[in-house]
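The structure under discussion appears below in the form of C-alpha cells.
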Amino acid sequence: MVQKQQAAAGPVTEPKKRRRVGFSPADTGVEANECIKIYLVSSKEEVDSPDISCVKPVDLNDFFDGDGKIYGYQGLKINVWINSISLHSYADITYQSTTNGDKGITDLKSALQNIFAETIVDNKDEFLQTFSTQSDFIRNMVSNGEVMRSGATDGSSNNAEVVPSDLQVIRMEIGSPNAGLLYSRLVPLVLLFVDGSNPIDVTDPDWHLYLLIQKKEEKEDPLYRIVGFTAIYKFYRYPDRLRMRLSQILVLPSFQGKGLGSYLMEVVNNVAITEDVYDLTVEEPSEKFQHIRTCIDINRLRSFDPIKPDIDSAVQTLTKGKLSKKAQIPRFTPPLNAIEKVRESLKINKKQFLKCWEILIYLALDPIDKYMEDYTSVITNHVRTDILGKDIETPKKQVVDVPSSFEPEASFVVFKSVNREEANTNVQVDENKPDQEQQLKQLVEERIREIKLVAEKVSKSCLEFFSYQKLFVE
C-alpha cells in the first residue's frame, strides 16, 4: 500500500486568507412602459406642471430591441414632453446609477431618436424656447392648403357632438410645399398613438393629408395647432376610376372623446362623394375606429331610401318564423343592386356594407327579443361563411384522385356534389369538430356584441339629435 508522504516539519505559518469573490445580481432590466411617460403640452408653463396628465401611447416596449426592456439603469425615469404647437420634443432622463452588467447599458439617446428623430431637442431651455420661436409653425405649413370645412357643425349629422367653431379641416397633397416637412414632424405621433402604423412615403404624390386644425385668435396673429389628421391614398382602378384608402387617422389624446374623429371622417366621406371616386376603403382599421366608422355609416344608410325596400324584405323573411330549426338558412345578404347603389352613391365598399347590413336588420327587428334566436342563426351562418370562404348551403367541393403517370400526387379532379351526395374522396374530416363549434360560438357571440354596441350607440345618438333639434326649434 502506498502511503501519502508527510511533509517535513518546518516553521509554522499562518494559513492564507481566502479571497472573497462577489457577484452582482443579474440585471433584469425595466420595461419601457414602466419608466417612460409621455406628455402633450401647448405652453412652456405646462412643462413639469403637476396639473398635466401623461397620455397613454401604444406599447413602448416595441421600440426597444429584444424583449422591450431597458438595461443598466437603477431608478430610471424618462419624461418626454411634446410641444403640440411646433411638434418638437424633449426627454428628461433621470436615474440613480448605472451598472454595466451582462446585458450592457441601453443607449437611450439612440432609442429615443428612433421614435422622435429630428424633432427631439437635447437642451431643455432650447425646447422651452420653441413655444415662442416656433409658435407659427403650423400656420406657415398649412398656408397653401385647401380648406375642406371650416366652423362648427349644426348637429345634423347625428354622429358627433357640436364641433367648436374654431376648427378647420385642411387638405394638403404630400408633394406640395411644406407638406413633407409637416408630416415628418407628425411621424412620432403616428408611431406613438397609431397602433401598428408605419410612416407613409412622402415621395409618393398620391398621398394626401387631411389636417384638423384648431385656430385660436390671439392679440397679434392667430395660433394654429393640430388636433388630428388622416392620411389618404388615391390609387387607380381599371378602367378609369380612382379609389381612396384611409391609411392613418389620429385625434390627439387631449381632444379624444369629443366627436372630432367622426367630424374628420365625415369630411373624408364628403370628399369621396364630391370627387366621385369608386369607393372608400380603410387599411387595417383598429377595433375602436371600426366602431366609429360603422356608427357613421349606419346613420348614412338609414337615411338612404333606395335600400329601404331591401331591408324591409329581409326583415319580413326573417320574422316569418323559426329559421333556427331549418336545415338550410338563407344568407340574408343584400341584393347586388343594393350593394352597387350604396357604393356608387355613398362610396361605402362592399365589405363594409355587408357588416352594416347585419346591423340594419337588427335595428329593424321589433321587438328584437322575439326574433333574437333566428337573428343569431343568421349571424352564425355569416360567421361560418367568413371562416370557410363559402356559403354553407352551397354544394360541397369534393377532391378525387385520378390515376396518372404525370406527378400522381398532383393529379386530381375537383367537383361539386349534388344534393349533398357523398363520394369516395380523400377529404379529411376534422376530428376536432366540437372545438371548432365552440370557437364558432365564441366568434358569433363577439359579432353579436359588436352589433349591439353599434345599435345602442346609433339609437342613443338619434335620441340626442332629436332632443337637440327640438331645443333648437323652440
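The values are calculated or read from the model by the stated rules, or taken from the named source; none is laboratory data. Just so we're clear, the structure is a prediction, and the values are computed from it rather than from any experiment. All Cβ positions, even for glycine, are placed from backbone atoms using ideal geometry, and neighbour counts span all protein chains on display. Heads up: the accessible areas ignore ligands, DNA and RNA and are worked out on the full protein's heavy atoms, side chains in. Shrake-Rupley method; radii C 1.70, N 1.55, O 1.52, S 1.80 Å.
Annotation for the stretch 250-292: GluC sites (Glu not before Pro) lying in DSSP loop with at most 13 further Cβ atoms inside 10 Å of their Cβ are GLU275, GLU283. Put simply, the convex hull of the Cα atoms in the stretch 30-134 casts, on average, a shadow of 6.7 nm².
Solvent-accessible surface of protein heavy atoms, probed at 1.4 angstrom with all chains present, puts ARG449, ARG185 in the order ARG449, ARG185, largest first.
The amide H of HIS88, built 1.01 Å from its N in the peptide plane, has ASN83 as neighbours under 5 Å, considering only residues 5 or more places off or on other chains.
When both the stretch 89-151 and the stretch 38-60 are represented by their alpha-carbon centers, they are found 12 Å apart.
Compared with the alpha-carbon gap, the fully stretched path from ASP92 to LYS56 is longer by 11.2 nm at 0.36 nm per residue.
Label sites at ASP435 and THR203, each approximated as a point 7 angstrom past Cα along Cα to Cβ, lie 4.8 nm apart. In plain terms, the chain from LEU354 to GLU218 could stretch by 44.2 nm, reckoned as 0.36 nm per residue minus the Cα-Cα distance.
Accessible area of HIS208 (1.4 Å probe, protein heavy atoms only, ligands and nucleic acids ignored): about 20 Å².
The label-point distance for MET372 and SER150, in a model that sets each label 7 Å from Cα toward Cβ, rounds to 5.1 nm.
Projecting the Cα atoms of ILE226, SER184, ASN198 onto the charge dipole of the stretch 184-302, computed from C-beta unit charges around the Cα centre, puts ILE226 farthest toward the positive end.
Near the amide H of ASP195, within less than 5 Å, lie no amide hydrogens of residues on another chain or at least 5 residues away, with H placed in the peptide plane. Relative contact order for the stretch 30-134: 28 percent, from Cα pairs under 8 Å spaced at least 6 residues apart, divided by residue count. Among MET172, MET372, the order of accessible area from largest down is MET372, MET172, computed with a 1.4 Å probe on protein heavy atoms.
In this structure the amide hydrogen of GLN248, modeled in the peptide plane, comes within under 5 Å of the amide hydrogens of ALA231, none closer than 5 places in sequence on its chain.
Reported to the nearest whole Å, the Cα centre-to-centre distance from the stretch 191-226 to the stretch 350-379 is 38. Phi-derived couplings, Karplus 6.51 cos²θ - 1.76 cosθ + 1.60 at θ = phi - 60°, listed residue by residue for the stretch 170-180: 10, 9, 9, 6, 5, x, 6, x, 6, 5, x Hz, with x used for Gly and Pro. Panel values: the stretch 136-284, Kirkwood radius from alpha carbon pairs, Stokes-Einstein at 37 °C and 0.692 mPa s, translational diffusion coefficient 206 µm²/s.
Between GLU45 and ASN178, residue separation times 0.36 nm minus the direct Cα-Cα distance comes to 45.0 nm. Karplus-based coupling profile of the stretch 88-104, in residue order and whole Hz: 6, 9, 9, 10, 9, 10, 10, 7, 7, 6, 10, 9, 8, x, 5, 9, x, with θ = phi - 60° in 6.51 cos²θ - 1.76 cosθ + 1.60 and x standing for Gly or Pro. Accessible area per residue for the stretch 30-134 is 53 Å², calculated with a 1.4 Å probe on protein heavy atoms, without ligands, DNA or RNA. Mind listing which trypsin sites (Lys or Arg not before Pro) in the stretch 32-131 are in a DSSP loop and have 14 or fewer other Cβ atoms within 10 Å? Sparse-neighbourhood loop trypsin sites (Lys or Arg not before Pro): none present. Which entries in the list LYS320/LYS441; LYS56/LYS216; LYS258/LYS452; LYS234/LYS351 go over 30 Å, if you measure between the two C-alpha atoms of each? From LYS320/LYS441; LYS56/LYS216; LYS258/LYS452; LYS234/LYS351, over 30 Å: none.
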